[in-house]
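The values are calculated or read from the model by the stated rules, or taken from the named source; none is laboratory data. Here the structure is a predicted model, which means the values were calculated and not measured. Positions of Cβ are backbone-derived with ideal geometry, glycine not excepted, and every protein chain shown enters the neighbour counts. Ligands, DNA and RNA are stripped out before the accessible areas are found, and what is left, the full protein with its side chains, is counted by its heavy atoms. Shrake-Rupley method; radii C 1.70, N 1.55, O 1.52, S 1.80 Å.
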Amino acid sequence: ILTVFPALATGPPPAGADDDDSEDEDDLYDWFRYEHAVRRIESRKEAEAIKALAANIQKAISVGVVIPDFPCTFGEAVVVESLVAAPQKILPVTVLSGFLGAGKTTLLKHILQNRQGLRVAVIVNDMAEVNIDAMLIDSQDVQYKSEKVVEFSNGCICCTLREDLMTGIADLQQAQNFDYVVIECSGISEPGPIADTFVSNKILNGVLLKEIARLDTVVTVVDGVNVMQHLLAVDPALSCSQFDSEGAGRPLAQLFVDQIECANVVLLNKCDLMPERERAESLRLLRRLNPNAIVHETERSQVPLEAVLNTNRFTASGVEPAEVDENGQEMPKVHDHDHCGIYSFVWKSRRPFHPERFKRLLQEPELLPHTVLRAKGFVWIASRPTFAGLISFVGRLRDFSQGHPWWASVERDLWPEGLWEELKLLWQEPSGDRMQEVVVIGTFDREEVSRILEGCLLTDEEMSLDFTSLQDELPSWDAEDEADASVA
């Protein structure tokens with residue numbers, strides 16, 4: 001009751017109290033100004049619970065059972081007017097689109113680290129069963145834990161998970177705890193059907209999405225280093241298994257073009273790795289493909305936030321209107337999208353990589369087949385038992401950086417409460433939680449890729465030795481600022 005008691009107080013702080021809101025475990029109570037207190041209510045159910053509690057407290061005060069230390073006003077009217085009947089605000093949304101490895105997650109991290117007081121909720125979609133991007137955002141890259149990360153995995157929000165997306169946004173809006181939502185799509189999502197979701201007249205669970213949320217901006221991040229390769233992707237091995245009206249296979253390049261043409265803002269990323277002439281040609285190409293979009297040249301997806309948030313650039317004029325049936329009801333659109341023949345699998349192992357053989361994997365991109373479009377995840381290097389490594393492979397580009405510490409390297413008395421319940425299912429002695437977990441995306445032969453990765457692991461003989469002392473010529477990690485060490 002003590003925590004609710006001041007939250008329902010409508011008068012000023014008592015004499016002698018600080019003017020600022022306080023939340024101190026040493027205080028007998030926490031004092032919050034009324035506007036601050038009601039923002040802490042996350043749902044209608046909580047509001048109803050507090051309303052009932054307030055009514056009971058008021059009744060107890062009226063009969064003399066409870067005597068408040070300070071004059072406070074309680075009762076149903078206060079809660080109903082301020083919480084239940086308050087108008088719900090429309091939640092603005094930015095969608096981050098772009099092909100595999102273009103830099104969407106890097107842009108998302110940049111937004112969260114420079115959000116200028118915005119309370120941002122994040123929705124991360126990954127076609128794989130393990131959502132590496134959501135794990136990165138949720139575990140280590142969010143500096144301020146007021147954000148909420150919603151994870152959609154093993155599917156695509158432009159088709160199979162569209163209703164889940166609608167429900168997720170509705171839940172975030174109802175909580176009234178956020179000022180903005182940023183959606184990171186999977187690398188093979190088409191932004192068009194996602195934009196259509198925001199202007200659709202479809203009602204789900206009594207909610208019409210466009211009445212509670214508005215699509216503000218569609219941002220497409222383009223991998224400048226591989227832009228020409230993506231546009232020329234007509235190899236049958238990379239062809240899309242979608243079919244046009246004549247039954248012909250659609251090239252993967254069409255997905256890449258669709259992502260650009262649907263955008264309001266385009267980031268030509270990795271400009272620092274592009275020759276000047278190629279950079280200029282790519283800019284001209286992007287502006288021809290989408291003359292209405294604003295194009296920014298970026299390095300590591302660094303862009304002013306006002307370029308991607310609250311731009312008000314999205315309009316429904318570019319969205320194909322829905323068909324209606326004989327009763328005038330909107331008919332569901334058929335979105336025949338099977339990921340353009342691309343699939344993913346999660347490669348796992350409980351053995352560490354040999355540093356020398358792993359170094360070859362970084363320095364010699366041809367060791368993996370060209371049909372591997374993307375690989376990302378956490379790796380265990382034998383000579384580095386304290387921290388996980390993060391890998392990101394896109395085309396011929398290789399990025400290798402320091403990740404989170406392995407919990408097996410942290411003294412147990414420093415573990416957060418309840419951590420063991422999360423770890424015990426994957427814990428394996430003597431390595432603990434150390435393991436390889438890499439999502440591989442493309443049109444490759446799974447057995448071939450597994451064989452190549454397994455060839456970089458320690459052998460049985462090496463496992464019996466002190467492998468932590470193996471010679472290590474991999475790029476060094478800066479433990480203080482976790483600076484990236486890239487190998488191209």
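For segment 345-362, which residues satisfy the criterion of being in a helix (DSSP H, G or I) and open to solvent by 20 Å² or more (accessible area, probe 1.4 Å)? Before the answer, list the steps.
First pass over segment 345-362, keeping only residues in a helix (DSSP H, G or I): 355-362.
Scanning segment 345-362 gives E356, R357, K359, R360.
Mind listing whichever residues of segment 275-294 are among the small types (G, A, S) and farther than 11 Å from G224 by Cα?
First, pick out the residues of segment 275-294 that are among the small types (G, A, S): 280, 282, 293.
Within segment 275-294, just A293 meets the criteria.
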The number of residues in segment 297-318 that are open to solvent by less than 60 Å² (accessible area, probe 1.4 Å) and within 24 Å of the chain's Cα centre (by Cα) is 9
Hand me the list of strands (runs of 3 or more DSSP E) wholly inside segment 381-486 holding 1 or more residues that are at pLDDT 95 or above. 384-394, 436-442
Which numbered condition in (1) surrounded by 14 or more Cβ atoms within 10 Å (Cβ to Cβ); (2) under 23 Å from V372 (Cβ atoms) is the only one that D445 fails? (1)
Within segment 180-200, identify whether any single residue is farther than 21 Å from V124 by Cβ and either in contact (Cβ under 8 Å) with a residue 60 or more places away in the chain or aliphatic (A, V, I, L, M) (or both), and answer yes or no. yes
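Inside segment 256-296, can you point out the residues that are acidic (D, E), under 25 Å from I194 (Cα atoms) and open to solvent by 80 Å² or more (accessible area, probe 1.4 Å)?
E261
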